[in-house]
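The values are calculated or read from the model by the stated rules, or taken from the named source; none is laboratory data. Since the model is a prediction, treat every value here as computed from it, not as a measurement. Here the Cβ is made from the backbone with ideal geometry for all residues, glycine too, and neighbour counts use every protein chain on show. When the accessible area is computed, the model is the full protein with side chains, heavy atoms only, and any ligands, DNA or RNA have been set aside. Shrake-Rupley method; radii C 1.70, N 1.55, O 1.52, S 1.80 Å.
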Amino acid sequence: MGALHKGHFSLIKKSQDSCTSTVVSIFVNSKQFAPSEDFESYPRKLSDDIFYLQEMGVDALFLPNEKIIYPNGFSTYVEENVLSAGLEGRSRPHFFKGVLTVVLKLFNIILPQDVFFGKKDYQQFRLIQKMVEDLNLSVRVIGCETIREPGGLALSSRNEFFSATEKEQLNIIYDSLSAAEKEIVSGRVDSSFIKSFIEKKLLVLDGIKVDYIKITDIRRLVSIEKIDQDSLISLAVFFKNVRLIDNIEVKI
C-alpha cells in the first residue's frame, strides 16, 4: 500500500533474485478499512516510492486508481470463512474480505508466477495461500521473514507516526514475544500462562493497549490451550491510537 520501507524492499529483492521480471503494485485499498479506521491518514509517499523503485531497478510499477480497481457498481467480493475467523478477522471483520478481493484482482491483472508476502501479516499470508489453493490459481505464494528495526520493532508504514524514542520503547512488543518463546522452549506450555506473561510485559509501557494476544497452531490458525506443536503467537496493540501487529513462530 505504499510508504515503502526496508521490509518492502526485502520482498522486492527476493523477487529480483529469483524472477525474470519484477512488478510492484501500489494501491491503498479502501475496502480493507472500516469507516472508523485510518484510511484517510494512512501514509502516502508516492514520489519517494517511485524514486526507490527506480533505484532498485524494478521492471514495472502498477499504480491503479480507485475507479480501475472498483468501477461504479462493483459488488463482487472474495471471502474465506475458516482461517479468517480469528485473530485479525475477529478484531477487524471487514478486513480480509477487502484484502482477498483486491489481491485476486491484482493477480488477474498482472498474472504473476510468484508473489512475495511478508510474514508480519502472517494470517494474511496464509489466507492468500488458501485462496490460491481453493480457487486453483496458477501462482506460487512465497512467505518472507519479518524485517525489523535494530531493536526488534517490526517495520511498518505506520511506524512513521512515532518518534525515535517511541520506536525504541515499542521494541517491548518483540521483546515480549521473544521472552514468551523462551518460556515455551523451557517447558511452559500452558497458553493462558504465556498470554498473561506477554500482557504483563507489554503493559510496562505506559500508553499501550492490548487488542489481542492469541496462540494458535501454525497452519490452521486455530487457538490451542497446550503448546505441544509448532505454534504462532500473534498480537495486536494500540499505541498513540496507532494499531500495530506482530507475531513469532514457535518451533516445538
Once Kirkwood radius over Cα pairs in Å is worked out from the coordinates, which option in [x] 18.3; [y] 19.9; [z] 19.3 does it equal? [z]
Charge context of Glu133, other residues only, Cβ under 15 angstrom, K/R +1, D/E -1: +3
With +1 at each Lys and Arg Cβ and -1 at each Asp and Glu Cβ, the charge dipole magnitude of segment 86-187 around its Cα centre, to the nearest 20 debye, comes out at 400 debye
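Distance cut-off 30 Å, Cα to Cα: go down the list Lys167/Lys251; Lys45/Lys201; Lys13/Lys209; Lys97/Lys214; Lys209/Lys251 and report the pairs above it. Could you put the intermediate results ahead of the total?
Working: Lys167/Lys251 28 Å; Lys45/Lys201 34 Å; Lys13/Lys209 35 Å; Lys97/Lys214 21 Å; Lys209/Lys251 28 Å.
Beyond 30 Å between Cα atoms: Lys45/Lys201; Lys13/Lys209.
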Which one of Val103, Met131, Ser21 is farthest out on the positive end of the charge dipole of the chain, using unit charges on Cβ (Lys, Arg +1; Asp, Glu -1) and the Cα centre as origin? Met131
Additional length obtainable on full extension of the chain from Asp114 to Met1, 0.36 nm per residue less Cα span: 38.8 nm
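Could you calculate the contour length gain from Lys240 to Phe51, that is, 0.36 nm times the residue separation minus the distance between their Cα atoms, to one decimal place in nm?
Working: separation 189, 0.36 × 189 = 68.04 nm, distance 3.00 nm.
Extra length from Lys240 to Phe51 when fully extended: 65.0 nm.
Whenever you get a sec, compute what percent of the accessible area on segment 23-153 sits on carbon and sulfur atoms (1.4 Å probe). Mind dumping the intermediate values first?
Details: 3520 of 7020 Å².
C and S atoms contribute 50 percent here.
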Given the C-alpha centroids of segment 65-104 and segment 17-63, what is the distance between them in whole angstrom? 18 Å
Sequence gap at least 6, Cα distance under 8 Å: using those rules, report the relative contact order of segment 150-224 to the nearest whole percent. 23 percent
19 Å cut-off, amide nitrogen to a point 7 angstrom out along Glu66 Cα→Cβ, residues in segment 14-45: 26-45
Between Ser178 and Phe39, the two model label points (7 Å from Cα along the beta-carbon direction) sit apart by a distance in nm of 3.8 nm
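Count charges around Pro112 for me, please; just the other residues with Cβ under 15 Å from its Cβ, Lys/Arg as +1, Asp/Glu as -1. Working shown, then result.
On the way: positive: Lys14, Lys105, Arg140; negative: Asp59, Asp114.
The answer is +1.
Roughly speaking, what is the stretch gain from Ser223 to Asp206, that is 0.36 nm per residue apart minus the C-alpha to C-alpha distance, in nm to one decimal?
Values: separation 17, 0.36 × 17 = 6.12 nm, distance 2.84 nm.
Using 0.36 nm per residue and subtracting the Cα-Cα distance, I get 3.3 nm.
Under 8 Å for C-alpha pairs, at least 6 residues apart: give me the relative contact order for the chain, rounded to a whole percent.
Values: 357 pairs, mean separation 41.2, N = 252.
After rounding, I find 16 percent.
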Along segment 15-23, Karplus-curve 3J(HN,Hα) (6.51, -1.76, 1.60; θ = phi - 60°) to the nearest Hz, with x for Gly and Pro, reads 5, 5, 6, 10, 10, 5, 9, 10, 10
Using a basic spin-label model with each label point 7 Å from the Cα along Cα→Cβ, how many nm lie between Leu137 and Asn81? 2.0 nm
If one compares the long axis through the Cα atoms of helix 172-185 with the longest principal axis of the Cα atoms of the chain, the angle in degrees, nearest 10, works out at 60 degrees
Please compute the per residue accessible area over segment 1-134 with all protein chains in place, 1.4 Å probe, rounded to a whole number of Å². 53 Å²
Please report the net charge: other residues with Cβ closer than 11 Å to the Cβ of Gly207, K and R +1, D and E -1. 0
Using θ = phi - 60° and the Karplus relation 6.51 cos²θ - 1.76 cosθ + 1.60, list the HN-Hα couplings for segment 43-54 in order, rounded to whole Hz, with x at every Gly or Pro. x, 10, 9, 4, 5, 5, 4, 4, 4, 4, 5, 5
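When only C-alpha pairs under 8 Å and at least 6 residues apart count, what is the relative contact order of segment 95-145, in percent?
Numbers: 42 pairs, mean separation 22.6, N = 51.
With pairs under 8 Å counted, the relative contact order is 44 percent.
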What angle, in degrees between 0 and 90 and rounded to the nearest 10, separates the Cα long axis of helix 122-134 from the longest principal axis of the Cα atoms of the chain? 50 degrees
